[in-house]
Amino acid sequence: MAVCARLCGVGPSRGCRRRQQRRGPAETAAADSEPDTDPEEERIEAGAAALAGAGGGRGAGPSPPPRCSLLELPPELLVEIFASLPGTDLPSLAQVCTKFRRILHTDTIWRRRCREVLHRYRHILGLWQPDIGPYGGLLNVVVDGLFIIGWMYLPPHDPHVDDPMRFKPLFRVHLMERKSATVECMYGHRGPHNGHIQIVKKDEFSTKCNQTDHHRMSGGRQEEFRTWLREEWGRTLEDIFHEHMQELILMKFIYTSQYDNCLTYRRIYLPPSHPDDLIRPGLFKGTYGSHGLEIVMLSFHGKRARGTKITGDPNIPAGQQTVEIDLMHRIQLPDVESLRSFNELSRIVLEVREQVRQEQQQQEDGAEDGEGRAPQSPREPQRGPAQPSVELPAEKGGGPADGEAAAAAAPAPEQPAQSGQGQPFVLPVGVSSRNEDYPRTCRMCFYGTGLIAGHGFTSPERTPGVFILFDEDRFGFIWLELKSFSLYSRVRATFRNAEAPSPQAFEEMLKNIQSLTS
């Protein structure tokens, strides 16, 4: 039986040897003069010719019609064939010949493979908050080439709040297999190793490392701590002279390292925006005293703005509402010289607090009488008796790390920002700040309250403060009882698959993450 000498054709200009024998001398010479740039095809052809010679002497029957070669198939059909093969076989297939290699570079094959593998992991794309006790975190899961990668986003090193975010991979999912995918843990410094992902439900999943020995370092826990400290703080322990700060850092290392990247994640959404918002809501980096920089989510809720901690600390854990800004009560700051006096600022803020208290009482009385009254935004704070600020007890901590910050405000008719002018701003004498490079001009200020608590989130209470809007991407908060200032700068990273399906879903998400640490 005659066998075609080529298992794979090479295009319309060339045929098998048997067809060449039927040609005339001129046609054969022209065909043989064509260069063959693919040595792999020549190797296949030689093997097929030997096979044909071995079978040619068996009988003298009529020659069967020439078989259609694989390379003579349309590219669309080859794409369908290759897409049905296991992903681990495709690299070997690409080495067969030039045409196969070219076909395997088609995006259609890999997009289809991504969809097939992504079907199982489609729910983990987006933003997540890991359950790491009070510390929390920000995880962004994205498709990157042939991988799904979970990136942990970290604030810049304290106190450089305007620096870009840092990020490191915690896990990745290979998309090479046909029906399954390989999960790798990326934690530690010894390269990728075996891991596992369990999808608990649509808005929750967990990761597990199956080779935690890859997280260990040859120098033991001391080397692991020094390495973690350089990555987390950008310095050594000897560079940190504050004893309380050293204790907090060591506590965080001991607490977080025990998880070994075996974590549970819960979905979070970016806050929805509205044209009436004073500034665009979103994520901000903020200074938190001895706790370093933390991530806060700024969102608007009608007449109020809220800041929710995405990362936290032992005093105020992640998920808690850090500040609440009363958008109906704007604070008119005095001139710069008067503003330098902390007592003067305290007097103004406490007068507004008393006004807010009276309005709330009127609303409660009106509700009882069936005659509710809506408070109006004052252009000038109502003058009332000055009230002294209360010093925070020692067990409540002693820095802005123990209070929270983030907020925004609704536009007022007389705001300087609308006229293109700003108001001079300076911190009062005696107010501490981790970052002295704050703006010296602000748009407006509002009354707000910040949450402070003792270690372990004990005895939480809301205390008065001042929200200062500097520009579209920066704001600050003065904690009266702590006599401290926190500066916040917008996180400029772009996050996909992070939009809330509805305002109600976003509100429900806030309640859920807050309930975990209440």
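The values are calculated or read from the model by the stated rules, or taken from the named source; none is laboratory data. Predicted, not measured: the structure shown is a model, and the values here were computed from it. Cβ placement follows ideal geometry from the backbone for every residue including glycine, while neighbour counts extend to all protein chains displayed. For accessibility, only protein heavy atoms count, side chains too; no ligands or nucleic acids. Shrake-Rupley method; radii C 1.70, N 1.55, O 1.52, S 1.80 Å.
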- Message: Spelling out what I want: for every residue of the stretch 264-269, take phi, set θ = phi - 60°, compute 6.51 cos²θ - 1.76 cosθ + 1.60 (Karplus), and round to whole Hz; glycine and proline get x.
- Response: 10, 10, 10, 5, 10, 10
- Sequence neighbours fewer than 8 away in the same chain don't count; with that in mind, list the lysines whose C-alpha is under 22 Å from Lys168. Lys208, Lys252, Lys285, Lys309
- the stretch 297-376: C-alpha gyration tensor shape, a/c 1.5 cut-off, then a/b vs b/c: oblate
- In Å², what does the accessible area per residue of the stretch 420-518 work out to with a 1.4 Å probe? 43
- Message: Over the Cα atoms of the stretch 244-373, each weighted equally, I'd like the Debye log10 I(q)/I(0) at q = 0.12, 0.17 Å⁻¹, rounded to two decimals.
- Response: -0.75, -1.13
- How many nm is it between the label spots at Glu80 and Glu368, if each spot is 7 Å from the Cα in line with the beta carbon? 7.9
- Under 5 Å between amide H atoms, partner at least 5 residues away or on a different chain: which partners does Asp158 have, H built in plane at 1.01 Å? Leu293
- Item | Rounded FRET efficiency, nearest 0.05, which uses the C-beta distance separating Thr441 from Val142 and R0 of 30 Å | 0.20
- Would you work out if the stretch 464-518 is rounded, prolate or oblate? Take a ≥ b ≥ c from the square roots of the eigenvalues of the alpha-carbon gyration tensor; rounded if a/c is under 1.5, else prolate when a/b is larger than b/c, oblate otherwise. oblate
- Could you rank the peptides 500-511, 291-302, 460-471 by their average count of other C-beta atoms within 10 Å per residue, with the highest value first? 291-302, 460-471, 500-511
- Give the ranking of Arg102, Arg266, Arg230, Arg492 by solvent-accessible surface, highest area first, calculated with a 1.4 Å probe. Arg492, Arg102, Arg230, Arg266
